[in-house]
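Shown next, in structure tokens, is the structure this report addresses.
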Amino acid sequence: MFDFFKKISKHYMQDSRDHIDRTEKIRISSSLDKILDFFRNEFDQSADLVVREIRIANLKAAVIIVDGLIDKNTFSINVLKVIMNKKFLNDLNVSNQTPEKIFETMRDDLVAFPDQIEVFTYEDALNLVTCGFALVALDGSDKILALGVQGYFVRGLAEPTAEKSQRGCREGFIEAIRVNMTMIRRRIRSPKLKFENLILGSISQTYVSMCYLTSMADTKIIEEIKKRLSSVDIETITTAGCISPFLEAENDLSLFSSVGFSERPDTVCGKISEGRVAILIDGIPTVLIVPYLFVENFQNIDDYALRPYFASFNRILKFFSFLVSILLPGMYVALGTFNPELFPGEILNKIALATGSTPFSMMTETLLIHFIYEVVREAGLRLPQTLAHAVSIVGGLVIGQTAIDSGLIGGPTLMIVALTAISSYVIPNLYEPITFLRLIFIISGGILGIWGIMMFFTAMLINICSKTNFGIPFTAPIAPFDIFGMRDVFLRFSWKILSKKENNIQSMPGTKI
């Protein structure tokens, strides 16, 4: 029964795609009335569709725009005022010319825009007008002139709140893809930097741009990324998370993602210079980076601006915090439940006293505090800024001295969960897998003890080490081991050493491209 409905669904989707392809490839009519009827029907008399019917050299014409997407001053002065200038048209002697000749005169002599495109199909015309182009159609001509008069408002450049930096740039990506492309081009002025535009989303028609260095990126990786992006079958793309699953390896069940995210142009440019491919999405300030390695979750732009000894200290601190954030609560529950003799005597007495005064087991108590903490964190993240301080106050009362005095939560357990939560913030890129792994280790430690912790930790290592994407091992250069690649993993060596060898992503050991 399931296969039957699956076949029907595939058949229906294929028929709908064929129908769309047939309508999208229709050439523009030479009748102005049919052109205007098409746009009015497609937009269903939408209020923001503006159609201005005019005359050019005694010939019927029309200008089609979408209100709010254009610069009205540019449109009025450089488009309407020019093509309706009767004196200029008389000087050009086009009053008795054919529509095609008038179209060519308008294209070559009347208007001059950097973005000036001749459009031959309705599909291209719809895409351009919804991107802020002004369409000029003439009665008797089977093509439309599209003029780039975009002028919609965009958010100003500011430092991204999710990726703070002490010594890096203070610019972050915004929602306008053209501005984001410019920020990358300003930092990499090489002609080898290439942008390739795609359109994804059957309804949203979202512009997506692949950015890479032709001299550094591997052509096989680029072709594979194009293939995976072409398989994106989504109606509307609202976040970068809509595309990232399609860039993962097929049947990938790992908790860790091999697709990176960044809102910083300096970070993205650094990855591009290593042979990565950046994927920019119009309307989204987050840029995807592929391929992405596990060790890159522990790197940030400040590591390369600080002195090597301090950058190495920070790097080791991040790896240590990762282990603490996933293992500490589970080890605490495992030792307290099955091997309490491993605690020092004074600490064991305090733990026993605190646990004996609470009605829950150690595993239940740890899980309860963990869930309360996640609820408070989510509330503080989603509430308006004006109410954020209220969440902090309530959270301090719920997970604090009041909870301990009530006898519901033990002090040592609360301290362990608090230390774990702080450690998880050191590696914000891994917060999602850390939260899930923490729960797994708490439950396994409470049921199976230290052996359960070791068993699931080994399974996690096997899962990470077996993961590949685009033929590149996820754990490179740790496994397979590369002595030269380790200069930027646990320790960050000086730039005199980092710059000695070309560091392409495809040169990683174990790569199968």
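The values are calculated or read from the model by the stated rules, or taken from the named source; none is laboratory data. These numbers were taken from a predicted model, which means no experiment stands behind them. Here Cβ is always computed from backbone atoms with ideal geometry, including for glycine, and neighbour counts include all displayed protein chains. Heads up: the accessible areas ignore ligands, DNA and RNA and are worked out on the full protein's heavy atoms, side chains in. Shrake-Rupley method; radii C 1.70, N 1.55, O 1.52, S 1.80 Å.
A cut-off under 12 angstrom between Cβ atoms defines the neighbours of Arg107, and their net charge, with Lys, Arg +1 and Asp, Glu -1, is -3. Expressed as a whole percent, the accessible surface of the chain that belongs to carbon and sulfur atoms is 60, based on a 1.4 Å probe.
The calculated P(r) of segment 229-269, using every Cα pair and 5 Å bins from 0, goes 5, 19, 25, 21, 20, 9, 1 in percent. Sorting the segments 408-415, 345-352 by their residues' average number of neighbouring beta-carbon atoms within 10 angstrom, most packed first, yields 408-415, 345-352. What the Cβ-Cβ distance of Ser190 and Phe484 gives, at R0 = 30 Å and to the nearest 0.05, is a FRET efficiency of 0.75. Using a probe of 1.4 angstrom and keeping all protein chains present, the accessible surface of the chain works out to 53 square angstrom per residue.
Our estimate of slack between Ala305 and Met84, defined as 0.36 nm per intervening residue step minus the Cα-Cα distance, is 73.8 nm. In the structure shown, the pairs Lys60/Lys81; Lys25/Lys60; Lys192/Lys467 are assessed against 23 Å; a Cα-Cα span above that value is assigned to Lys25/Lys60; Lys192/Lys467.
At q = 0.05, 0.07, 0.12, 0.13 Å⁻¹, what base-10 log of I(q)/I(0) does the Debye formula yield for the chain when every alpha carbon is treated as an equal point scatterer in vacuo? Ignoring solvent entirely, the Cα scatterers give -0.31, -0.57, -1.19, -1.28. Taking every DSSP helix (H) stretch of at least 4 residues in the chain, weighting each as -39,500 (n - 2.57) and dividing the sum by the residue count yields a mean residue ellipticity at 222 nm of -13500 deg cm²/dmol.
All C-alpha to C-alpha distances of segment 405-513, sorted into 5 Å bins beginning at zero, yield P(r) values of 2, 9, 13, 15, 17, 15, 11, 8, 5, 3, 2, 1, 0 percent in whole numbers. Under the shape rule built on the C-alpha gyration tensor, where the axes satisfy a ≥ b ≥ c, segment 240-293 is oblate, since a/c reaches at least 1.5 while a/b does not exceed b/c. Taking the Cα centre of the chain as origin and assigning +1 to Lys and Arg Cβ atoms and -1 to Asp and Glu Cβ atoms, the resulting dipole is close to 1340 debye. Convex hull over the alpha-carbon atoms of segment 75-184: what's its volume per residue in Å³? So the per-residue hull volume is 126 Å³.
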